[in-house]
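Peer 1: Sharing a structure with you now.
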Amino acid sequence: MNTIIKVKCLKHIYPDKTEVDICGLDFIVNKGDRVVILGPNGTGKTTLLSHILGILKPVDGQISVFGVNPFKEFKHIRKKIGVVFQNVDEQIIGPTVYDDIAFSLRNAGMSKELVRDKVYDIAKTLEIEDILGKIPHYLSGGQKKKVALAGALSMSPELLIMDEPFDGLDPKSKKEMIELINALNRDRGVTTIITTHDVNIVTYIADLIYIINKGRIVSSGDPEEIFKQSDVLKEANLEPPILIQLFDRLAKKGYNVNIPIDIDQAEEEIYRLINAQKCC
(Lines give C-alpha, C1' and ligand atoms only; values in the text may rest on other atoms or scores of the structure.)
Protein backbone atom coordinates (compact mmCIF):
# COMPACT_ATOMS: atom_id res chain seq x y z
CA MET A 1 0.00 0.00 0.00
CA ASN A 2 1.49 3.33 -1.11
CA THR A 3 1.05 5.92 1.66
CA ILE A 4 1.26 9.46 0.31
CA ILE A 5 0.21 11.43 3.41
CA LYS A 6 0.82 10.83 7.09
CA VAL A 7 0.00 13.38 9.78
CA LYS A 8 0.56 12.90 13.49
CA CYS A 9 -0.52 15.38 16.16
CA LEU A 10 -0.01 18.79 14.55
CA LYS A 11 0.11 22.05 16.46
CA HIS A 12 -0.11 25.45 14.81
CA ILE A 13 -0.10 28.97 16.24
CA TYR A 14 -1.60 31.71 14.09
CA PRO A 15 -0.29 35.32 14.16
CA ASP A 16 -3.14 36.36 16.51
CA LYS A 17 -1.87 33.69 18.97
CA THR A 18 -4.77 31.32 18.25
CA GLU A 19 -3.56 27.76 18.83
CA VAL A 20 -4.89 24.84 16.83
CA ASP A 21 -3.99 21.30 17.90
CA ILE A 22 -4.97 18.39 15.68
CA CYS A 23 -4.27 15.17 17.54
CA GLY A 24 -5.99 11.88 18.21
CA LEU A 25 -5.76 9.28 15.45
CA ASP A 26 -3.08 9.56 12.77
CA PHE A 27 -4.32 10.97 9.46
CA ILE A 28 -3.17 8.58 6.74
CA VAL A 29 -4.00 8.69 3.03
CA ASN A 30 -2.95 6.00 0.57
CA LYS A 31 -2.65 6.35 -3.18
CA GLY A 32 -6.05 6.10 -4.88
CA ASP A 33 -8.07 6.74 -1.71
CA ARG A 34 -11.20 8.87 -1.69
CA VAL A 35 -11.02 10.56 1.70
CA VAL A 36 -13.61 12.80 3.34
CA ILE A 37 -12.96 14.91 6.44
CA LEU A 38 -16.11 15.55 8.46
CA GLY A 39 -16.45 18.00 11.29
CA PRO A 40 -18.12 21.22 12.43
CA ASN A 41 -16.77 24.63 11.45
CA GLY A 42 -13.75 25.83 13.41
CA THR A 43 -12.58 22.36 14.34
CA GLY A 44 -9.34 22.34 12.33
CA LYS A 45 -10.27 20.94 8.91
CA THR A 46 -8.89 23.83 6.88
CA THR A 47 -5.82 24.08 9.11
CA LEU A 48 -5.07 20.42 8.40
CA LEU A 49 -5.42 20.96 4.65
CA SER A 50 -3.17 24.03 4.77
CA HIS A 51 -0.41 21.99 6.41
CA ILE A 52 -0.75 19.21 3.83
CA LEU A 53 -0.43 21.82 1.09
CA GLY A 54 2.71 23.27 2.67
CA ILE A 55 1.06 26.65 3.21
CA LEU A 56 1.48 26.47 6.99
CA LYS A 57 4.37 25.24 9.12
CA PRO A 58 3.50 23.40 12.34
CA VAL A 59 5.24 24.31 15.59
CA ASP A 60 5.00 20.69 16.65
CA GLY A 61 3.99 17.32 15.24
CA GLN A 62 4.88 15.23 12.22
CA ILE A 63 3.72 15.51 8.62
CA SER A 64 4.84 13.78 5.47
CA VAL A 65 3.41 14.34 1.97
CA PHE A 66 4.84 12.29 -0.88
CA GLY A 67 7.67 11.34 1.47
CA VAL A 68 8.80 14.89 2.31
CA ASN A 69 8.01 17.76 4.65
CA PRO A 70 5.50 19.80 2.60
CA PHE A 71 6.51 23.19 4.05
CA LYS A 72 10.22 22.66 3.43
CA GLU A 73 9.71 20.96 0.05
CA PHE A 74 6.80 23.05 -1.21
CA LYS A 75 8.13 23.31 -4.77
CA HIS A 76 8.79 19.56 -4.87
CA ILE A 77 5.20 18.56 -4.07
CA ARG A 78 3.22 21.49 -5.47
CA LYS A 79 3.08 20.08 -9.01
CA LYS A 80 1.66 16.83 -7.65
CA ILE A 81 -1.26 18.51 -5.89
CA GLY A 82 -4.34 20.24 -7.25
CA VAL A 83 -6.46 22.27 -4.88
CA VAL A 84 -9.92 23.85 -4.96
CA PHE A 85 -10.39 26.30 -2.10
CA GLN A 86 -13.72 26.99 -0.43
CA ASN A 87 -13.94 30.50 -1.89
CA VAL A 88 -13.19 29.90 -5.57
CA ASP A 89 -13.57 33.60 -6.40
CA GLU A 90 -10.18 34.15 -4.73
CA GLN A 91 -8.67 31.31 -6.76
CA ILE A 92 -9.84 32.21 -10.26
CA ILE A 93 -7.50 34.91 -11.59
CA GLY A 94 -7.66 34.67 -15.39
CA PRO A 95 -9.54 37.30 -17.46
CA THR A 96 -11.29 34.45 -19.27
CA VAL A 97 -11.98 30.83 -18.38
CA TYR A 98 -9.43 29.74 -20.99
CA ASP A 99 -6.72 31.98 -19.51
CA ASP A 100 -7.41 30.78 -16.00
CA ILE A 101 -7.03 27.11 -16.93
CA ALA A 102 -3.93 27.94 -19.00
CA PHE A 103 -2.22 29.94 -16.23
CA SER A 104 -0.12 27.16 -14.68
CA LEU A 105 0.58 25.59 -18.05
CA ARG A 106 2.00 28.85 -19.41
CA ASN A 107 4.06 29.37 -16.25
CA ALA A 108 5.53 25.90 -16.80
CA GLY A 109 6.85 27.10 -20.15
CA MET A 110 4.69 24.91 -22.36
CA SER A 111 4.24 25.80 -26.02
CA LYS A 112 1.12 27.65 -27.14
CA GLU A 113 -0.08 24.56 -29.00
CA LEU A 114 0.42 22.23 -26.04
CA VAL A 115 -1.33 24.67 -23.71
CA ARG A 116 -4.28 24.85 -26.09
CA ASP A 117 -4.50 21.05 -26.35
CA LYS A 118 -4.39 20.58 -22.57
CA VAL A 119 -6.94 23.33 -21.90
CA TYR A 120 -9.42 21.86 -24.37
CA ASP A 121 -8.85 18.35 -23.04
CA ILE A 122 -9.65 19.45 -19.48
CA ALA A 123 -12.58 21.56 -20.64
CA LYS A 124 -14.01 18.58 -22.51
CA THR A 125 -13.64 16.35 -19.44
CA LEU A 126 -15.49 18.88 -17.28
CA GLU A 127 -17.95 19.80 -20.05
CA ILE A 128 -17.13 23.51 -20.00
CA GLU A 129 -15.94 23.98 -23.60
CA ASP A 130 -18.80 26.39 -24.24
CA ILE A 131 -17.65 28.88 -21.57
CA LEU A 132 -13.91 29.01 -22.33
CA GLY A 133 -14.23 32.54 -23.72
CA LYS A 134 -16.39 33.86 -20.89
CA ILE A 135 -15.37 36.15 -18.02
CA PRO A 136 -15.33 34.04 -14.82
CA HIS A 137 -16.88 36.79 -12.70
CA TYR A 138 -20.23 36.40 -14.45
CA LEU A 139 -20.47 32.61 -14.21
CA SER A 140 -22.83 30.70 -11.93
CA GLY A 141 -21.57 29.15 -8.71
CA GLY A 142 -21.50 25.67 -10.25
CA GLN A 143 -19.60 26.90 -13.30
CA LYS A 144 -17.04 28.69 -11.13
CA LYS A 145 -16.44 25.49 -9.17
CA LYS A 146 -15.79 23.66 -12.43
CA VAL A 147 -13.39 26.37 -13.61
CA ALA A 148 -11.47 26.19 -10.33
CA LEU A 149 -11.39 22.40 -10.63
CA ALA A 150 -10.15 22.69 -14.23
CA GLY A 151 -7.31 24.94 -13.08
CA ALA A 152 -6.46 22.49 -10.30
CA LEU A 153 -6.28 19.67 -12.83
CA SER A 154 -4.19 21.53 -15.40
CA MET A 155 -0.89 20.03 -14.28
CA SER A 156 -2.30 16.47 -13.99
CA PRO A 157 -1.98 16.20 -10.18
CA GLU A 158 -1.75 12.91 -8.33
CA LEU A 159 -3.65 14.37 -5.36
CA LEU A 160 -6.75 16.60 -5.46
CA ILE A 161 -7.72 18.53 -2.34
CA MET A 162 -11.12 20.25 -2.18
CA ASP A 163 -12.31 22.38 0.74
CA GLU A 164 -16.14 22.36 1.00
CA PRO A 165 -16.61 22.02 -2.79
CA PHE A 166 -20.40 21.53 -2.54
CA ASP A 167 -21.19 24.73 -0.65
CA GLY A 168 -23.70 26.87 -2.52
CA LEU A 169 -24.34 24.37 -5.31
CA ASP A 170 -27.83 23.51 -6.49
CA PRO A 171 -28.77 19.79 -6.60
CA LYS A 172 -27.93 19.42 -10.32
CA SER A 173 -24.50 21.07 -9.95
CA LYS A 174 -23.82 19.02 -6.83
CA LYS A 175 -24.57 15.79 -8.69
CA GLU A 176 -22.33 16.84 -11.58
CA MET A 177 -19.48 17.65 -9.19
CA ILE A 178 -19.81 14.25 -7.49
CA GLU A 179 -19.69 12.48 -10.86
CA LEU A 180 -16.63 14.49 -11.94
CA ILE A 181 -14.71 13.78 -8.74
CA ASN A 182 -15.43 10.06 -8.92
CA ALA A 183 -14.51 9.90 -12.62
CA LEU A 184 -11.14 11.52 -11.88
CA ASN A 185 -10.48 8.96 -9.18
CA ARG A 186 -11.70 6.02 -11.25
CA ASP A 187 -10.31 6.92 -14.67
CA ARG A 188 -7.15 8.85 -13.79
CA GLY A 189 -6.28 7.38 -10.41
CA VAL A 190 -6.39 10.77 -8.68
CA THR A 191 -6.37 10.54 -4.89
CA THR A 192 -8.99 12.87 -3.38
CA ILE A 193 -9.32 14.61 -0.02
CA ILE A 194 -12.55 16.53 0.53
CA THR A 195 -13.85 18.46 3.52
CA THR A 196 -17.62 18.76 3.81
CA HIS A 197 -20.37 18.98 6.39
CA ASP A 198 -22.98 17.56 3.99
CA VAL A 199 -23.32 14.03 5.38
CA ASN A 200 -25.90 13.06 2.77
CA ILE A 201 -23.34 13.02 -0.05
CA VAL A 202 -20.43 11.45 1.81
CA THR A 203 -21.28 7.87 0.90
CA TYR A 204 -20.99 8.77 -2.79
CA ILE A 205 -17.50 10.30 -2.59
CA ALA A 206 -15.68 8.46 0.21
CA ASP A 207 -13.91 5.18 0.78
CA LEU A 208 -12.50 6.51 4.05
CA ILE A 209 -13.89 9.10 6.46
CA TYR A 210 -12.14 10.99 9.25
CA ILE A 211 -14.17 12.82 11.89
CA ILE A 212 -12.51 15.83 13.50
CA ASN A 213 -14.06 17.34 16.60
CA LYS A 214 -12.54 20.08 18.77
CA GLY A 215 -9.12 19.56 17.22
CA ARG A 216 -9.07 15.79 17.63
CA ILE A 217 -9.39 13.12 14.98
CA VAL A 218 -11.90 11.03 16.92
CA SER A 219 -12.78 8.32 14.40
CA SER A 220 -11.95 6.89 11.00
CA GLY A 221 -13.46 4.18 8.82
CA ASP A 222 -15.56 3.50 5.77
CA PRO A 223 -19.04 5.11 5.52
CA GLU A 224 -20.83 2.06 6.91
CA GLU A 225 -18.56 1.98 9.97
CA ILE A 226 -18.71 5.73 10.59
CA PHE A 227 -22.47 6.16 10.30
CA LYS A 228 -23.09 3.45 12.87
CA GLN A 229 -21.28 5.61 15.45
CA SER A 230 -24.24 7.78 16.40
CA ASP A 231 -22.65 8.96 19.67
CA VAL A 232 -19.46 10.10 17.92
CA LEU A 233 -21.46 11.91 15.25
CA LYS A 234 -23.70 13.60 17.79
CA GLU A 235 -20.72 14.78 19.82
CA ALA A 236 -19.33 16.37 16.65
CA ASN A 237 -22.67 18.08 15.89
CA LEU A 238 -23.25 15.75 12.95
CA GLU A 239 -26.12 13.44 12.09
CA PRO A 240 -26.20 10.29 9.96
CA PRO A 241 -27.50 10.71 6.40
CA ILE A 242 -31.28 11.03 6.15
CA LEU A 243 -31.60 7.54 4.59
CA ILE A 244 -29.85 5.94 7.54
CA GLN A 245 -32.04 7.87 9.97
CA LEU A 246 -35.18 6.72 8.14
CA PHE A 247 -34.29 3.03 8.10
CA ASP A 248 -33.03 3.19 11.67
CA ARG A 249 -36.49 4.42 12.70
CA LEU A 250 -38.11 1.55 10.80
CA ALA A 251 -35.84 -0.93 12.58
CA LYS A 252 -36.75 0.55 15.96
CA LYS A 253 -40.43 0.08 15.10
CA GLY A 254 -39.85 -3.63 14.61
CA TYR A 255 -39.33 -3.90 10.87
CA ASN A 256 -36.72 -6.41 9.78
CA VAL A 257 -34.60 -4.04 7.69
CA ASN A 258 -30.95 -3.72 6.76
CA ILE A 259 -29.60 -0.18 7.13
CA PRO A 260 -28.56 1.20 3.69
CA ILE A 261 -25.78 3.73 3.19
CA ASP A 262 -26.85 5.06 -0.22
CA ILE A 263 -29.90 5.38 -2.45
CA ASP A 264 -29.15 2.19 -4.41
CA GLN A 265 -29.04 0.07 -1.26
CA ALA A 266 -32.19 1.80 0.00
CA GLU A 267 -34.01 0.98 -3.23
CA GLU A 268 -33.03 -2.69 -2.99
CA GLU A 269 -34.12 -2.83 0.64
CA ILE A 270 -37.52 -1.29 -0.15
CA TYR A 271 -38.08 -3.79 -2.96
CA ARG A 272 -37.14 -6.60 -0.57
CA LEU A 273 -39.62 -5.37 2.03
CA ILE A 274 -42.42 -5.01 -0.55
CA ASN A 275 -41.82 -8.49 -1.90
CA ALA A 276 -41.71 -9.91 1.63
CA GLN A 277 -45.10 -8.32 2.36
CA LYS A 278 -46.59 -9.73 -0.88
CA CYS A 279 -45.53 -13.29 -0.23
CA CYS A 280 -46.68 -13.22 3.40
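Peer 1: Which label belongs to the value computed from this structure, given these candidates for semi-axes √(5λ) of the Cα gyration tensor in Å: (i) 35, 26, 16; (ii) 26, 22, 19; (iii) 29, 23, 16?
Peer 2: Comparing each candidate, only (i) matches the computed number.
Peer 1: Over the chain, what is the mean sequence separation of C-alpha contacts under 8 Å (at least six apart), divided by residue count, expressed as relative contact order in percent? List each step's numbers first, then the result.
Peer 2: Details: 468 pairs, mean separation 62.9, N = 280.
Value for the chain: 22 percent.
Peer 1: In whole Hz and in residue order, list the ³J(HN,Hα) couplings for the stretch 146-157 that follow from phi through the Karplus curve 6.51 cos²θ - 1.76 cosθ + 1.60, θ = phi - 60°; x for Gly and Pro.
Peer 2: 5, 5, 4, 5, 4, x, 5, 8, 4, 9, 6, x
Peer 1: Now for a separate question. Distance from the Cα centre of the stretch 208-268 to that of the stretch 1-53, in angstrom?
Peer 2: Taking the Cα centre of the stretch 1-53 as reference, the centre of the stretch 208-268 is 22 Å away.
Peer 1: Which residues' amide hydrogens lie under 5 Å from the amide hydrogen of Ile217, considering only partners 5 or more residues apart or on another chain, with H built in the peptide plane?
Peer 2: Distant-sequence amide H within range of Ile217: Cys23, Gly24, Leu25.
Peer 1: Could you pull out the longest piece of the chain with no exposed loop GluC sites (Glu not before Pro) in it, calling a site exposed if DSSP puts it outside H, G, I, E, B and it has at most 15 other Cβ atoms within 10 Å? Present the calculation step by step, with values, prior to reporting the outcome.
Peer 2: Numbers: sites that count: Glu73, Glu127.
Longest run free of exposed loop sites: 128-280.
Peer 1: If contacts are Cα pairs under 8 angstrom and at least 6 residues apart, what is the relative contact order of the stretch 106-199 in percent? Write out the running numbers ahead of the final one.
Peer 2: Details: 63 pairs, mean separation 25.7, N = 94.
So the answer I get is 27 percent.
Peer 1: Something else now. Taking springs between alpha-carbon atoms closer than 10 angstrom, which of Thr196, Thr46, Thr96 fluctuates most in the Gaussian network model of the chain?
Peer 2: Result for the chain, Cα springs under 10 Å: Thr96 fluctuates most.
Peer 1: Any idea what the relative contact order of the stretch 1-113 is, in percent, if you count C-alpha pairs under 8 Å spaced at least 6 apart?
Peer 2: Numbers: 133 pairs, mean separation 27.5, N = 113.
Here the relative contact order equals 24 percent.
Peer 1: Considering only protein heavy atoms, what per residue accessible area in square angstrom results for the chain with a 1.4 angstrom probe?
Peer 2: Values: 14930 Å² over 280 residues.
For the chain, the per-residue accessible area is 53 Å².
Peer 1: Summarise the accessible area of the stretch 186-269 (1.4 Å probe, protein heavy atoms) by the percent that is carbon and sulfur. Mind dumping the intermediate values first?
Peer 2: Working: 2090 of 4590 Å².
Answer for the stretch 186-269: carbon and sulfur cover 46 percent of the accessible area.
Peer 1: Can you give me the long-range amide H partners of Val83? Hydrogens built in the peptide plane at 1.01 Å from N, cutoff under 5 Å, separation of 5 or more residues or another chain.
Peer 2: Ile161
Peer 1: A further question follows. Cross-link partners among lysines for Lys145, C-alpha distance below 26 Å, same-chain residues fewer than 8 apart left out?
Peer 2: Lys31, Lys45, Lys75, Lys79, Lys80, Lys112, Lys118, Lys124, Lys134, Lys172, Lys174, Lys175
Peer 1: Go through 250-256, 162-168, 130-136, 226-232 and give me the packing order, highest mean Cβ count within 10 Å leading. Mind showing how you got there, number by number?
Peer 2: Values: 250-256: 10.0, 162-168: 20.0, 130-136: 14.7, 226-232: 16.9.
The peptides rank, most packed first, as 162-168, 226-232, 130-136, 250-256.
The values are calculated or read from the model by the stated rules, or taken from the named source; none is laboratory data. Since the structure is predicted, the reported quantities are computational estimates derived from the model, not experimental observations. Here Cβ is always computed from backbone atoms with ideal geometry, including for glycine, and neighbour counts include all displayed protein chains. Ligands, DNA and RNA are excluded from the accessible area calculation, which covers all protein heavy atoms including side chains. Shrake-Rupley method; radii C 1.70, N 1.55, O 1.52, S 1.80 Å.
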